[in-house]
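The values are calculated or read from the model by the stated rules, or taken from the named source; none is laboratory data. Remember, it's a predicted structure, so these values are computed and weren't measured experimentally. Cβ: placed from backbone, ideal geometry, glycine included. Neighbour counts: every protein chain shown. The accessibility values were calculated without ligands, DNA or RNA, using every heavy atom of the protein model including side chains. Shrake-Rupley method; radii C 1.70, N 1.55, O 1.52, S 1.80 Å.
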Amino acid sequence: MNGSVRIPLILLALAATAGTSPRVIAQERGPRIVVVQLDRVFNEFYKTKLAGAQIETRKQEIREELKARETQLVALDKELSELRVQINDTALSDEQRGQLRETAADKQLRFNEMQEQARQVAELRNKELEDMSRRMRRGLVEEIREAVREFARVQGYDAVFDASGQTLNGVEALIYFDDKLDITDRVIETMNRGAK
């Protein structure tokens with residue numbers, strides 16, 4: 001008799017939940033909240049490493065360009081030093097020393113211009129690197145955010161918090177979370193599937 005009573009109750013319960021939407025079921029079980037460490041995802045994302053390599057290549061090109069300018073300046077400075085020695089040579093006539101002074105003045109002017117150009121180029125290249133780095137970072141962060149959103153939607157999570165974030169006081173935004181809630185490894189694995 002007990003068995004016959006249970007069957008109709010189970011059928012009744014199934015019938016009652018059959019038309020229930022997933023959202024209502026989710027509300028009954030409570031929200032599904034997880035955390036992700038975005039700084040780790042960023043650092044371990046294969047595209048971050050590729051972007052870093054591009055920036056490093058550009059830095060090396062800039063170093064070589066600035067070094068070439070510095071080499072020119074050193075050579076010109078050496079010429080100027082030699083001219084100064086010759087100008088002070090008493091064995092030369094006043095006319096010869098006058099010509100050397102004019103040559104030295106022209107070279108000094110050229111040296112000053114080249115030095116200013118080198119300074120401006122260094123500033124421009126540094127700004128270029130900063131802009132390049134900022135653009136790449138912004139693009140990567142947006143791609144990671146979108147991937148986390150999509151991952152959360154597919155897995156049916158209701159909220160994702162960044163466990164690497166800090167408050168304005170420099171304290172962790174999330175003081176505690178159970179490791180079972182951390183989806184960082186799964187997100188990294190998903191994002192690095194397309195790595196070449």
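In terms of modelled amide H atoms, which long-range or inter-chain residues lie less than 5 Å from the amide H of residue 161?
34, 35, 36
Which whole-Hz couplings ³J(HN,Hα) result when phi for each residue of the range 100-113 is put into the Karplus expression 6.51 cos²θ - 1.76 cosθ + 1.60, θ = phi - 60°, listed in order with x for Gly and Pro?
These are the phi-based 3J(HN,Hα) values: 5, 5, 4, 4, 5, 5, 4, 5, 5, 4, 4, 4, 4, 5 Hz.
Under the definition of Cα pairs under 8 Å and six or more residues apart, what whole-number percent is the relative contact order of the range 48-196?
That works out to 21 percent.
Within 10 Å of each candidate Cβ there may be at most 15 other Cβ atoms; applying that plus a DSSP loop requirement, which chymotrypsin sites (Phe, Trp or Tyr not before Pro) in the range 141-177 survive?
176, 177
Give the carbon-plus-sulfur fraction of the accessible surface of the range 58-135 in %, rounded to a whole number; probe 1.4 Å, heavy atoms of protein chains only.
Ligands and nucleic acids excluded, carbon and sulfur reach 48 percent.
Mind giving me the FRET efficiency for residue 55 and residue 159? R0 is 41 Å, r the Cβ-Cβ distance, nearest 0.05 is fine.
Approximately 0.75, to the nearest 0.05.
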